[in-house]
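Okay, so here's the structure we're looking at.
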Ligand code: E4P
């Protein structure tokens, strides 16, 4: 499973990228707002830090304007992945960008039928939003499983990018189902390393080590 970091926070991306666990980055208008940065400048910085796809989202909702914005975003760096919403105009723009050879992430997906359309439009990634479905008491993981089955049935190349991830369990379950990628906030990705038995075991080892009176360096 590939890991994308869901943030426009440069310091957080750099810290995780240094571990080699970052395969890409996703941003959206809300994350750009949170960063307080200019979208073109911060996207360029992220693309310089990370080799993999960096999703940058268009803000327009009408086809012609979406294409104009997407082309400007794609011009930032070779690893920009143009992010478009899962609307009819977004799907049209997706096909246009794909025909021009750009990567496209179709976002705000909440149904298997939407994911089917995105694959037909040639999307590089489809982003089903797990957490926002869970918020409505609908199991977001069921959607990941449905899309996995449909894409496998028809051998679509579109990668399932599990998004709106809030917990470590979301990542574990999406990985078990076979999502190709998950994008998660930095704190959730870092939190995967935590286990109370690791902490307890380390505490015991350190106590015993102190009793030896030894030093390694
Ligand atoms: C990423 O591509 C999505 O925009 C993001 O995961 C949405 O997450 P949220 O539902 O926590 O805002």
Can we say residue 68 is touching a strand residue (DSSP E or B) at 6+ places or on another chain (Cβ under 8 Å) and either at pLDDT 95 or above or surrounded by fewer than 21 Cβ atoms within 10 Å (Cβ to Cβ) (or both)?
-> no
Matching residues, the stretch 157-213, being within 16 Å of the ligand (Cβ to nearest atom) and on the phi > 0 side of the Ramachandran plot | 164
Out of (1) over 30 Å from residue 176 (Cβ atoms); (2) away from the ligand (no atom under 15 Å from the Cβ); (3) buried (at least 20 other Cβ atoms within 10 Å of the Cβ), what's the single condition that is false for residue 43?
-> (2)
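Conditions (1) surrounded by 12 or more Cβ atoms within 10 Å (Cβ to Cβ); (2) over 24 Å from residue 54 (Cβ atoms), marked per residue:
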residue	(1), (2)
147	yes, no
151	yes, no
154	no, yes
158	yes, no
164	yes, no
176	yes, yes
187	no, no
196	no, yes
Which residues, counting only those in the stretch 1-26, are in a loop (DSSP other than H, G, I, E, B) and without any contact (Cβ under 8 Å) to a residue 40 or more places away in the chain?
-> 8, 18, 19, 20, 22
Only residues that are touching a helix residue (DSSP H, G or I) at 6+ places or on another chain (Cβ under 9 Å) and either within 16 Å of the ligand (Cβ to nearest atom) or assigned to a helix (DSSP H, G or I) (or both): list them for the stretch 27-40, please.
-> 27, 29, 32, 35, 39, 40
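The values are calculated or read from the model by the stated rules, or taken from the named source; none is laboratory data. As the structure is a computational prediction, the values presented were derived from the model and not from experiment. For neighbour counting, all protein chains shown are included, and Cβ atoms are generated from backbone atoms with ideal geometry for every residue, glycine included.
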